[in-house]
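To start, the structure under review is shown below, and the notes come after it.
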């Protein structure tokens, strides 16, 4: 055991490309299958509902709308809830805080993996719908505007609330409540010019009104305050040692 | 008698632990506050009752305003209560004590329901107090309590049964996603879009009770859709049937888990 | 790695955990003793860079722990075993160690695998290296904990309550392991088990209510109870003057070991103190007498 000398004073060099790959593999494991598969579960659930609707006599346009709603609405909700779990639960948090790799980096990798899985699933799902002639959304090239801004916005809100309050209850209710409010009060958002860009589901609920794509970009810009908040909160990661009241 | 006493003890301490969760109070306060503040822009259904409206109408409108989103908080709050024993490593200790799994489950359910309902009841009482002052009608408070009991409480019992049990199988995060999805599908989505229970006796949003209290159909009560037998005219007896059905349906998952755990213990 | 702390204070909301700690540690194995709630874990977390200091000065190996960069520099030379080391139950010890090694920046695959293998061997877990940690006993988990702390050959090892809940054999094994690691590195051992300090440390500090009430050698701490340690056997009530350290029921009555400045009874005999006696005598001095 030649290296256990106790005399080591120089820290290990920064991780290189090879260990980066291994690190991502490890973080994928930490993300867990339940969280990592959330986007898949979401689209499978949507597909199942569409099949049920078709079996119940729903026409092609209706089935297509169900599938589109799944991509625009259910996927963001599922991913936001999964992101909350990523941030709120970690068995070895204290150990992580004592390691030279910033905990923010660790969480960032896990969230990036979730985002990557979401993107892959959404793109594949879009492709399948398009190939099956069930796509009724915007041009396929612009299809990420359907799901990406809402997913990022709802996810950022959930992560921000989870970090701010250290409460899974508050974070999940915030994400769930906002999602439901957007579903219930679509007309309220549509009625005000200032509220429309903030609306999460303009295609499935507001019939992709003219200018909705620009509004999607505006919605994406409103993620910035959440992101800044998350960064500020992660600069004091020891706050996370005090868990939510269980 | 010992079993009943033990169940009551579990109930009492579950209530204490749950009611001390600051996040529960904050969540309910934020959701109720946001709904109250936003009700003017949410359409005529959710708008305040007109001046001179009877206390019954005023407070029922508050109850169904809250029932739209507040049960989401109930579900989120209760989703980890049975998993918690495992997480906090108290499951083994509790299993070694005389009360059987059925008693513990009943106590946890009753205590959890009571504690989770307390902030919602407080929100209703605040609304009733506000209306009492604003409209000068003291009957707002009893009608507030009645509207809570008829509209919100059955929703809480129904949600609690599933929120306690389903995460044992689905995991809490997955349950939370499905629960929000379910709430939208089973309460708001119109049957014309998809086969759904919206507007039926089994809609926990409280459409039948609210319709009966208001004297006019609201929240799609009785709307044509699948299972017509569950979609009678919204009358007083239909409201009572809806409340009873929701409570019984909420107890079904508990009964199933209680039986399963009891059998596992004796095996 | 030397540690120098002056006037360290740290509060969490309304609770003050540390109320002006002054402490110097100069390498080797150093023990930190104190009762529950004395502030040991907060102090350990501050030295591990997990928690930022409130006010005062904390320098570890010359690095200023009040700055973010200082904490990061220390963490690159640190091995830490928290009191409640959470595990990922779905991982095997080998996978867990590999993960921590990567987070510590051990880039070279061959060297990393060699270190992981050797450490698993050293802590006696080589046979179960590929098994998931789900069913591991407390002792096995502690051993994984110490193995992960040793990754990267840290110059400073901080171990918080490592032997709590272990059986006597496992405790002795663990103590010996720790003592063997304190060659050229600093090992900071926090515990409320006096015996662990007595068997492994030359120097120690005692924390009470967020303050350091003693720093010095273990021998000097033992001497605190010299002339104040008594043994007596009685069939009557236990002695009220002083602190009863032990009570053993025998045929002729109950034999008490008592810490008291005055002879607790005429037939009490003065005996040589142990470290535990010294600790009790010290704590007696620094703990207000209970209200009657």
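Computed from the coordinates by the stated procedures, all read-outs in this text should not be read as laboratory data. Bear in mind that the values here come from a model prediction, so they are computed numbers and not experimental data. Backbone-built Cβ (ideal geometry, glycine too); neighbour counts: all protein chains shown.
Counting only DSSP beta bridges whose two residues both lie in the protein assembly as shown, roughly 65 percent are antiparallel. Relative to the longest principal axis of the Cα atoms of chain A, the long axis of helix A:144-165 makes an angle of roughly 50 degrees. Once you divide the Cα radius of gyration of chain A by 2.2 N^0.38 Å, the number left is 1.16.
Size of region C:61-163 from its Cα atoms: along the principal axes, largest to smallest, the extents are 41, 32, 22 Å.
Each distinct pair of alpha carbons in region B:2-266 adds a 1/r term; the inverse of their mean, the Kirkwood radius, is 19.1 Å. If R0 is taken as 22 Å, the Cβ-Cβ distance between residue B:169 and residue A:51 corresponds to a FRET efficiency of 0.45. Computed over the alpha-carbon pairs of the protein assembly as shown, the distance histogram in 20 Å steps reads 14, 38, 32, 14, 2, 0 percent, short to long. Residues within the reach of a label modelled at residue B:122 (point 7 angstrom out along Cα to beta-carbon, backbone nitrogen below 20 Å), restricted to region A:121-165, are A:165.
Shown is the FRET efficiency for residue A:164 and residue C:251, computed with R0 = 56 Å from the Cβ-Cβ distance and rounded to the nearest 0.05: 0.30.
Note on chain B: GNM, Cα springs under 10 Å; of B:151, B:169, B:159, the largest mean-square fluctuation is that of B:169.
Where does chain C land at 222 nm, in deg cm²/dmol rounded to the nearest 500, when only DSSP H runs of n ≥ 4 count, each adding -39500 (n - 2.57), divided by all residues? One gets -9500 deg cm²/dmol as the mean residue ellipticity at 222 nm. The overall shape of region C:118-184, judged from the alpha-carbon gyration tensor, is oblate: a/c is not under 1.5, and a/b is no greater than b/c. Viscosity 1.567 mPa s, temperature 4 °C: give me the Stokes-Einstein translational D for region A:127-246 in µm²/s, with Rh taken as the Kirkwood radius over C-alpha pairs. The estimated diffusion coefficient comes to 81 µm²/s. The per residue volume of the convex hull around the alpha-carbon atoms of region A:96-185 is 118 Å³. Going by neighbour counts of Cβ atoms within 10 Å, the residues B:59, A:213 line up, fewest first, as A:213, B:59. Summary of the geometry: region B:160-182 and region A:114-163, compared by the centres of their Cα atoms, lie 24 Å apart.
Over all projection directions, the Cα-based convex hull of region C:136-281 averages an area of 11.0 nm².
The label point for residue C:287 and the one for residue C:132, both projected 7 Å from the Cα toward the Cβ, are 4.4 nm apart. With R₀ set to 45 Å, the beta-carbon distance separating residue C:68 from residue C:267 gives a calculated FRET efficiency near 0.10.
Once you order the gyration tensor axes a ≥ b ≥ c over the Cα atoms, which shape class does region B:105-256 get: rounded for a/c under 1.5, otherwise prolate or oblate by comparing a/b with b/c? It is oblate, given that a/c is not under 1.5 and a/b is not larger than b/c. Label separation (residue C:223 vs residue C:237): 3.7 nm, computed from points 7 Å beyond Cα along the C-beta direction. When each of B:207, C:217, B:96 is scored by the number of other beta-carbon atoms lying within 10 Å, the sequence from fewest to most is B:96, C:217, B:207. Under a Gaussian network description of chain A, with springs only between Cα atoms under 10 Å, the residue in A:196, A:236, A:30 that fluctuates furthest is A:236. Under a GNM of chain A (C-alpha, springs under 10 Å), which listed residue has the highest mean-square fluctuation: A:107, A:217, A:74? Of the options given, A:217 has the highest mean-square fluctuation.
Calculated mean residue ellipticity, 222 nm, chain B: -23000 deg cm²/dmol, from DSSP H runs (n ≥ 4) at -39500 (n - 2.57) each, averaged per residue and rounded to 500. Computed from Cα atoms, the angle from the helix A:212-221 axis to the main principal axis of chain A rounds to 20 degrees.
Counting neighbouring beta carbons within 10 Å and listing from fewest to most, the residues A:33, A:130 come out as A:33, A:130. Extent of region C:227-271 along its three principal axes (Cα atoms, max minus min coordinate, largest first): 27, 16, 15 Å. Which of rounded, prolate or oblate describes region B:224-267 when judged by the alpha-carbon gyration tensor and an a/c cut-off of 1.5? Since a/c reaches 1.5 and a/b is larger than b/c, the shape of region B:224-267 is classed as prolate. For peptide C:79-91, the mean count of partner chain Cβ atoms within 10 Å of a residue's Cβ comes to 4. Computed from Cα atoms, the angle from the helix B:153-170 axis to the main principal axis of chain B rounds to 40 degrees.
Note on chain C: Cα-Cα pairs beyond 38 Å make up 21% of the total pair count.
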